[in-house]
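Read the structure below first, then the notes.
The values are calculated or read from the model by the stated rules, or taken from the named source; none is laboratory data. Owing to the predicted nature of the structure, the values given are computational and were not obtained by experimental measurement. Heads up, the Cβs are rebuilt from the backbone with ideal geometry, glycines too, and the neighbour counts pull from every protein chain shown.
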Amino acid sequence: MKISIDYIARVEGEGAIKFDIEDGVLKDLKLNIWEPPRFFEGFLCNRRYDEVPDIVARICGICPVSHMTTAIRALEKALGFTPAPDSITLRKVMALSQIVSSHLVHLYMLALPDYYRLYSIPDMFPRFEPEIRRLNRMKKVVNEVTALFGGRALHPVSMVVGGFTSLPPRDKIEKIKYELENIKDDAKETLRMVSDLLFPDLTHNTEYVAISSPPHYAINEGFIISQNGVKIGEDEYYSIFKEDEVSYSNAKRTVIKGKDSFMVGALARLNLKFDLLHEDAKEAAEEIGFKVPDYNPFHNNLAQAIEIVHGISECRELLDKVILRKPEIGIKVREGEGRVLQ
Amino acid sequence: MVTSGGTPEGPFDVSLIEGTVTKSWQADELKRIREKSTYLFAIGSCAINGGIPALKSTHPELEVGKKVYQDLSTIHSIRPSSIDAYVHVDGFIRGCPPGERDLCEALTSVLSGKQPDFLEYSVCIECKLKGNICLLVAHNMPCMGPVTNAGCEALCPSHNRACYSCWGPMRQANAFALAKKFEAYGDIFRGHNQEVYSIRFCHCRVQKGSRVL
């Protein structure tokens, strides 16, 4: 039996998938990312350092903050610049707000219609109106967090190599803290909603990979770890990982050298550093009976919902630590090399 | 990602087209959509000016491709272009990300049967209305505001950084004059390859003899 889906609808980007099954055994599987190539690595060469974050932000409209932060950190490393502790905290706030926002879109708009066999999000009315309203409430607040520090929620402008070009007034931060407090229950409700979904039963023994920097639930920097004992610095990425080109797809495929594919993302992070989650997230996970290690890839949805609880509580707490100093961006350009991971 | 069913083959009252054309099948599809649509708007800097993907035009195709793939035999990409190079466009919803104001303006205009009123002036106007101090004149920062279409409410200058033209060039912008100003300011406005900041910029229209620049 051959199954061929030419356009995978519920993902960001454009892909197709082909299965070749004989007597119930999978003979061949091809994932083809046919999204036209854009050659970012090519045209970034010879550009000014301060243009790079704004250019790479455009790789993705859902996760511009991740691409920007990676570029900023790599450039700062190459230029031998150490960012102020405040900038590091604010970058974490930016990253958390964007991760929560992205998880929300995935769970409510992409996963949920599939689990209820609905065509798409407009078909969710009126049955799921309370859920869609909850999504709107939460998405609005987390987008406001990104916009408050970045200038706008998509393709932020004030986050630059060296720090932040401007900072919001105190009263706006107090207001957003209050709003984050208000959506904490929505986050827990989201987790309950996701835990009610009927997930297919599947165990997939893959290698789970994440970045880690105890005692924090790492975002933006850390060691690369896996449950099979990998622990390397960001610089040593290519000592373990290998990027391959495949003839039928425009996207490259990364594998662990001498081994096979691996899994990153929310479930991988939870499997590797559940203990470092915010207490609120641990409690919420316990309430629905989520335990690590969990080798069912469909439970990535659960992991995302747990990370939503974590992200909102962590964001709220980090904002207490922000001391608003007048931003100073003192970058001296020099020759150098910097490798970072996000 | 999101669909409400309907008829994927058309006809359509309004089509909003995003993205740069970099494949010949995209141009074919675009033409088909135009034929089936009463109104067609370009939305976002990629569709309007080529945007970031059009930066590859600053180098020969092979050179750019070789930096990304070892085997280019299965990689196909044509010279990037804006969508109005292929079809007639009823209006431009500018910005990267595109602005709400212009999107609402386009759709409400269609509904009420009037000409959409898009902003046809530079970021400088919005910046002055906000009462910002000029970054270009007072702080010697490489601000693209004078040649960039308004719509962002002078976002970057209001956050103490120079505009980088994500809304794209405005109609009849005098880019040459700004480039001369940048040149006079000296090295901070130049990249390693000694091209002037403005013409290397992210969202500039790439084709010669184009309508805007």
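Screening the candidates A:Val194, A:Val264, A:Val255, A:Val292 for the property of being in contact with a strand residue (DSSP E or B) (Cβ under 9 Å, 6 or more places away or on another chain), β-branched (Val, Ile, Thr) and over 30 Å from B:Thr22 (Cα atoms) yields one hit, A:Val264.
Going by the structure shown, is B:Val123 within 14 Å of chain A (Cβ to nearest Cβ) and modelled with pLDDT of 90 or more? So B:Val123 fits the description; yes. Name every residue in the range A:53-69 that is surrounded by fewer than 19 Cβ atoms within 10 Å (Cβ to Cβ) and either within 16 Å of A:Ser87 (Cα to Cα) or among the aliphatic types (A, V, I, L, M) (or both), in order of residue number. Those that are surrounded by fewer than 19 Cβ atoms within 10 Å (Cβ to Cβ) and either within 16 Å of A:Ser87 (Cα to Cα) or among the aliphatic types (A, V, I, L, M) (or both): A:Ile59, A:Ile62. I'm checking my understanding of the structure. Among residues of the range B:12-30 that are touching a Ser or Thr at 6+ places or on another chain (Cβ under 6 Å) and away from every other protein chain (no Cβ under 11 Å), which one is surrounded by the fewest Cβ atoms within 10 Å (Cβ to Cβ)? Filtering first and then ranking leaves B:Asp13.
Counting residues in the range A:137-154 that are closer than 26 Å to A:Gly13 by Cα and touching a strand residue (DSSP E or B) at 6+ places or on another chain (Cβ under 6 Å) gives one or more. Since A:Ala84 meets every condition but one in (1) free of Cβ contacts under 8 Å to residues at least 60 places away in the same chain; (2) surrounded by fewer than 22 Cβ atoms within 10 Å (Cβ to Cβ); (3) more than 10 Å from chain B (Cβ to nearest Cβ); (4) not acidic (Asp, Glu), which condition does it not meet? Every condition holds for A:Ala84 apart from (1). Within the range A:31-54, the set of residues being assigned to a helix (DSSP H, G or I), in contact (Cβ under 8 Å) with a residue 40 or more places away in the chain and within 7 Å of another protein chain (Cβ to nearest Cβ) comprises A:Asp54 only. Within the range A:160-194, the set of residues being in contact (Cβ under 8 Å) with a residue 60 or more places away in the chain, among the basic types (Lys, Arg) and either closer than 18 Å to B:Asn160 by Cβ or within 14 Å of chain B (Cβ to nearest Cβ) (or both) comprises A:Arg170 only. Taking every residue in the range B:42-60 that is free of Cβ contacts under 8 Å to residues at least 60 places away in the same chain and assigned by TED's automatic domain parsing to the domain that holds B:Val87 and pairing it with any residue that is small (Gly, Ala, Ser) and part of a helix (DSSP H, G or I), at least 6 positions away or on another chain, the pairs with Cβ-Cβ distances below 8 Å are B:Cys46/B:Ala54; B:Lys56/A:Gly42; B:His59/A:Gly42. Can you tell me which condition B:Asn140 does not meet? The list is (1) touching a Phe, Trp or Tyr at 6+ places or on another chain (Cβ under 7 Å); (2) farther than 23 Å from B:Gly50 by Cβ; (3) assigned by TED's automatic domain parsing to the domain that holds B:Glu29, and all the others hold. So the condition that B:Asn140 fails would be (3).
Yes or no, residue by residue, for (1) modelled with pLDDT of 90 or more; (2) assigned to a loop (DSSP other than H, G, I, E, B); (3) within 15 Å of B:Arg94 (Cα to Cα); (4) not assigned by TED's automatic domain parsing to the domain that holds B:Asp84:
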residue: B:Leu129; (1), (2), (3), (4): yes, no, no, yes
residue: B:Phe176; (1), (2), (3), (4): no, no, no, yes
residue: B:Gln207; (1), (2), (3), (4): no, yes, no, yes
residue: B:Ser210; (1), (2), (3), (4): no, yes, no, yes
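Does any residue of the range A:10-28 turn out to be within 9 Å of chain B (Cβ to nearest Cβ) and either of a type in the set (Lys, Arg) or buried (at least 18 other Cβ atoms within 10 Å of the Cβ) (or both)? Within the range A:10-28, one or more residues are within 9 Å of chain B (Cβ to nearest Cβ) and either of a type in the set (Lys, Arg) or buried (at least 18 other Cβ atoms within 10 Å of the Cβ) (or both). Among residues of the range B:31-77 being of a type in the set (A, V, I, L, M, F, W, C) and facing another protein chain (nearest Cβ under 7 Å), the one that is surrounded by the fewest Cβ atoms within 10 Å (Cβ to Cβ) is B:Ile75. Only one of the numbered conditions (1) modelled with pLDDT of 95 or more; (2) out of contact with any Gly (no Cβ under 9 Å at 6 or more places or on another chain) is not met by A:Ala187, and that is (2).
Within the range A:1-14, residues that are part of a strand (DSSP E or B) reach partners that are among the β-branched types (Val, Ile, Thr) with beta carbons closer than 7 Å, at six or more positions or on different chains, in the pairs A:Ile5/A:Ile17. The helices (runs of 4 or more DSSP H) found wholly in the range A:245-342 include none carrying at least 1 residues that are farther than 30 Å from A:Leu79 by Cα, free of Cβ contacts under 8 Å to residues at least 12 places away in the same chain and in contact with a helix residue (DSSP H, G or I) (Cβ under 7 Å, 6 or more places away or on another chain). Scanning the range A:225-244 for residues that are closer than 20 Å to A:Lys273 by Cα and free of Cβ contacts under 8 Å to residues at least 40 places away in the same chain yields A:Asn228, A:Gly229, A:Val230, A:Lys231, A:Ile232, A:Gly233.
For the structure I just gave you, tell me whether A:Glu179 is charged (D, E, K, R), outside any strand (DSSP E or B) and within 30 Å of A:Asp54 (Cβ to Cβ). Judged against the criteria, A:Glu179 is a match. Taking the condition in contact with a helix residue (DSSP H, G or I) (Cβ under 7 Å, 6 or more places away or on another chain), in the same structural domain as A:Arg269 (by TED's automatic domain parsing), in a helix (DSSP H, G or I) and free of Cβ contacts under 8 Å to residues at least 40 places away in the same chain, does A:Met68 pass? Considered against the rule, which asks whether it is in contact with a helix residue (DSSP H, G or I) (Cβ under 7 Å, 6 or more places away or on another chain), in the same structural domain as A:Arg269 (by TED's automatic domain parsing), in a helix (DSSP H, G or I) and free of Cβ contacts under 8 Å to residues at least 40 places away in the same chain, A:Met68 comes out as no. Take A:His155 and decide whether it is exposed (fewer than 14 other Cβ atoms within 10 Å of the Cβ) and either within 14 Å of another protein chain (Cβ to nearest Cβ) or under 22 Å from A:His106 (Cα atoms) (or both). In short, no.
May I ask you to verify whether B:Ser81 is in contact (Cβ under 8 Å) with a residue 24 or more places away in the chain, more than 9 Å from chain A (Cβ to nearest Cβ) and either in contact with a Pro (Cβ under 9 Å, 6 or more places away or on another chain) or surrounded by 13 or more Cβ atoms within 10 Å (Cβ to Cβ) (or both)? Spelling it out, B:Ser81 is indeed in contact (Cβ under 8 Å) with a residue 24 or more places away in the chain, more than 9 Å from chain A (Cβ to nearest Cβ) and either in contact with a Pro (Cβ under 9 Å, 6 or more places away or on another chain) or surrounded by 13 or more Cβ atoms within 10 Å (Cβ to Cβ) (or both). Only one entry of A:Leu110, A:Leu75 meets the criterion of being crowded, with 20+ Cβ neighbours inside 10 Å and either among the polar types (S, T, N, Q) or assigned by TED's automatic domain parsing to the domain that holds A:Asp244 (or both), and that entry is A:Leu75.
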